[in-house]
Amino acid sequence: MAEKTEDETETGTTTTTATAADPEKRTAARTEEAVAGHEEAPAAAEETAAEKDTEPAAAPSGTGQGAAAVVSGALGLVSLTGGWPGTVAAARETLVGQLRTAADASVATQIKEVYGDAWDATALWGGLFALVALITGVAVLVRPAFGAPGRVAQAPWIKSVAWAGVTLGVIGLLLAVLTYTGVLLGLPAAS
């Protein structure tokens, strides 16, 4: 055990002397060491805080990529089921078609103006949502290739959701093109 004198306590240095015979001196020496240790702790805390300021920032958690993957999947789903903008555009085209079509117009003209343009507007909006879903999903999937070399790979769920968005986007885009061109569910022929 170490025993400190008054001079040594003020300077912070210690010398070791035998105190095995006196337990009170051992307890006093331990108390003085503990007090000296607490006095040095704030300096160590300041040093640690200074080290934290100079450390590089932590790597991103991938939250943005995960959010983009979810958005891609949601947009892909909207491209298949239809969305509010597509519904409004179709209703508008139906109204415009009714206003443009004369009462004595042929049946083929009425079908095209009232229903065909609305059908095309719905297909265009579905295709737009599908295209955005496809681009967003692909961007999430290729993002790690442009990151820092030592960076951790994407979480598996991010890749899965991004692939779902890409798949739904491709299907939605294909359906939109087929619908717009009349290959899939074309307008009925006027008799």
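The values are calculated or read from the model by the stated rules, or taken from the named source; none is laboratory data. Keep in mind it's a predicted model, so treat the numbers as computed, not measured. When we count neighbours, we look across all protein chains shown, and the Cβ atoms used for this are built from the backbone with ideal geometry, even at glycine. Heads up: the accessible areas ignore ligands, DNA and RNA and are worked out on the full protein's heavy atoms, side chains in. Shrake-Rupley method; radii C 1.70, N 1.55, O 1.52, S 1.80 Å.
Selection among Trp163, Leu95, Pro85 by position relative to the dipole of region 81-191 gives Trp163 as farthest towards the positive end (Cβ unit charges, Cα centre).
For region 125-178, the solvent-accessible area works out to 58 Å² per residue, with a probe of 1.4 Å and every protein chain left in place.
Taking 7 Å steps out from each Cα toward its Cβ at Ala189 and Leu80 produces label points 3.3 nm apart.
With the Cα gyration tensor of region 63-191 giving a ≥ b ≥ c as the square roots of its eigenvalues, does the rule (a/c under 1.5 for rounded; else a/b larger than b/c for prolate; else oblate) give rounded, prolate or oblate? Taking the square roots of the gyration eigenvalues as a ≥ b ≥ c, region 63-191 is prolate. When the accessible area of region 73-171 is computed with all protein chains present and a 1.4 Å probe, what percentage of it is carbon and sulfur? Answer for region 73-171: carbon and sulfur cover 72 percent of the accessible area. Using a cut-off of 15 Å between beta-carbons, work out the net charge of the residues near Leu187 (Lys and Arg +1, Asp and Glu -1, Leu187 not included). Local net charge: -3.
Taken along its three principal axes, the alpha carbon spread of region 57-128 comes to 72, 16, 12 Å, from the longest extent down to the shortest.
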